[in-house]
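All remarks here apply to the structure that follows.
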Amino acid sequence: MSDLLVARGISKSFGGVVALSELDFEVAAGEAVGIVGPNGAGKTTLFNCLLGVIPPDTGTVLFDGERIDRLPVWRRSRLGIGRTFQRVELFHGMTVADHLLVAAQARATGRPHVRDLLRRGGPGEEEMAAVASMLALLGLEDVADRPVDGLSLGHARLVELGRALMAAPRLLMLDEPSSGLDVRETERLAGILDDVRHRQGTAVVLVEHDLELVEEVVDRLCVLDFGKMIAVGSVDDVMANAEVRRAYLGSSA
Ligand SMILES: Nc1ncnc2c1ncn2[C@@H]1O[C@H](COP(=O)(O)OP(=O)(O)O)[C@@H](O)[C@H]1O
Ligand SMILES: [Mg+2]
């Protein structure tokens, strides 16, 4: 498999706190990679550096062979890096379906989101069909016309996932997507990720506490501790690693 994302020597400090230290990370095209580690290990900081939300102090990031580490978030997103947030970020007052529709229109026109919604007339048939099939994939048909404000956290997370998927990203980055989801919703999430991977060849980076979900979804697991990758490999190998058991399992057991 060819490398889709390659990060080299990523460091980031906040004042005296070293959140990431000379970190290397890569994702192959179509691969699903899990990142686990104790709270404060640097997982979200790594996401933010890869996405362009915060600049790393050092290091380079290549996407499909091109340097992207100076590009703003929206340019990385346009190149095909989609994401969901650890804390859900949706638009107040907007319905579930409209969240997906805005994403569909942004994809269709290549123009930024909200402006599209305001300027254009009614949505096209193709966009409506894309929204309907995404609602079905997510299992959100029943709440399609409800404003997102009243949704359960589980449903809100699925809306966020759907919005990211509408752009048909080549790489989907998920930060703690199962938090707030019940068992059924978590199973659905695993099914959705499986589906988009196999139908669209989407690569996935999954930061997640729920080890069952991680095991079900990922091809390869990385363990982050104090800003360094302390283990990378198959889920079984990594979980059998003594340093991992001390650092990660020890602290959460
Ligand atoms: N914006 C910030 N300002 C100051 N410290 C931060 C900031 N973001 C993260 N940190 C610190 O960096 C470390 C890594 O945090 P984070 O990346 O959120 O870890 P994780 O997602 O693995 O729980 C922690 O010590 C955290 O307190
Ligand atoms: Mg985090």
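Residue by residue through region 28-41, note down the ones that are within 13 Å of ligand 1 (Cβ to nearest atom) and either open to solvent by 10 Å² or more (accessible area, probe 1.4 Å) or over 17 Å from Asp225 (Cα atoms) (or both).
Pro38, Asn39, Gly40
Looking for something within 19 Å of Phe91 (Cα to Cα), among the basic types (Lys, Arg), open to solvent by 40 Å² or more (accessible area, probe 1.4 Å) and away from ligand 2 (no atom under 16 Å from the Cβ) - is there at least one such residue anywhere in region 145-156?
Our first condition is that a residue be within 19 Å of Phe91 (Cα to Cα); within region 145-156, this holds for 145-156.
So of that shortlist, the ones also among the basic types (Lys, Arg) come out as 146.
Of the ones still in play, those that are also open to solvent by 40 Å² or more (accessible area, probe 1.4 Å) are 146.
Next cut, away from ligand 2 (no atom under 16 Å from the Cβ) only: 146.
Looking through region 145-156, at least one residue is within 19 Å of Phe91 (Cα to Cα), among the basic types (Lys, Arg), open to solvent by 40 Å² or more (accessible area, probe 1.4 Å) and away from ligand 2 (no atom under 16 Å from the Cβ).
Condition first: farther than 23 Å from Gly34 by Cβ and in a helix (DSSP H, G or I). Can you find one or more residues in region 163-172 that meet it?
Yes, that holds for at least one residue.
Matching residues to (1) away from ligand 2 (no atom under 16 Å from the Cβ); (2) at pLDDT 95 or above; (3) within 17 Å of Arg170 (Cβ to Cβ); (4) of a type in the set (D, E, K, R):
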site	(1), (2), (3), (4)
Ala19	no, yes, no, no
Glu26	yes, yes, yes, yes
Ala29	yes, yes, yes, no
Ala32	yes, yes, yes, no
Gly37	no, no, no, no
Thr45	no, yes, no, no
Leu50	no, yes, yes, no
Gly59	yes, yes, no, no
Asp64	yes, yes, yes, yes
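Being away from ligand 1 (no atom under 13 Å from the Cβ) and free of Cβ contacts under 8 Å to residues at least 60 places away in the same chain is the filter; apply it to region 44-64 and report the residue that is farthest from the chain's Cα centre (by Cα). Working first, answer last.
Kept after step one, since they are away from ligand 1 (no atom under 13 Å from the Cβ), are these residues of region 44-64: 52, 58-64.
When the remaining residues are screened for being free of Cβ contacts under 8 Å to residues at least 60 places away in the same chain, the result is 52, 58-62.
Details: Gly52: 13, Thr58: 23, Gly59: 21, Thr60: 20, Val61: 17, Leu62: 17 Å.
Only one residue fits best here, namely Thr58.
If a residue must be within 26 Å of Glu208 (Cα to Cα) and either in contact with a helix residue (DSSP H, G or I) (Cβ under 8 Å, 6 or more places away or on another chain) or touching a residue at least 60 places away in the same chain (Cβ under 8 Å) (or both), how many such residues does region 80-100 contain?
Adding up the residues that qualify gives 14.
Listed residues Glu185, Glu208, Glu141, Glu216; which is within 18 Å of Glu31 (Cα to Cα) and open to solvent by 20 Å² or more (accessible area, probe 1.4 Å)?
Details: Glu185 fails: within 18 Å of Glu31 (Cα to Cα); Glu208 fails: open to solvent by 20 Å² or more (accessible area, probe 1.4 Å); Glu141 fails: within 18 Å of Glu31 (Cα to Cα).
Being within 18 Å of Glu31 (Cα to Cα) and open to solvent by 20 Å² or more (accessible area, probe 1.4 Å) holds for just one of Glu185, Glu208, Glu141, Glu216, which is Glu216.
Return a yes/no flag: does region 225-247 have any residue that is under 18 Å from the mean Cα position of the chain (by Cα) and crowded, with 19+ Cβ neighbours inside 10 Å.
Within region 225-247, not a single residue is under 18 Å from the mean Cα position of the chain (by Cα) and crowded, with 19+ Cβ neighbours inside 10 Å.
Hey, could you check region 1-15 for residues that are open to solvent by 20 Å² or more (accessible area, probe 1.4 Å) and either more than 15 Å from ligand 1 (Cβ to nearest atom) or assigned to a helix (DSSP H, G or I) (or both) and say which is nearest to Arg83 (Cα to Cα)?
Val6
The values are calculated or read from the model by the stated rules, or taken from the named source; none is laboratory data. Keep in mind the model is a prediction, meaning the values are calculated, not measured. With ideal geometry, Cβ positions are generated from the backbone for all residues, glycine too; neighbour counts draw on all protein chains shown. Just the protein is used for accessible areas: all its heavy atoms, side chains included, with ligands, DNA and RNA removed. Shrake-Rupley method; radii C 1.70, N 1.55, O 1.52, S 1.80 Å.
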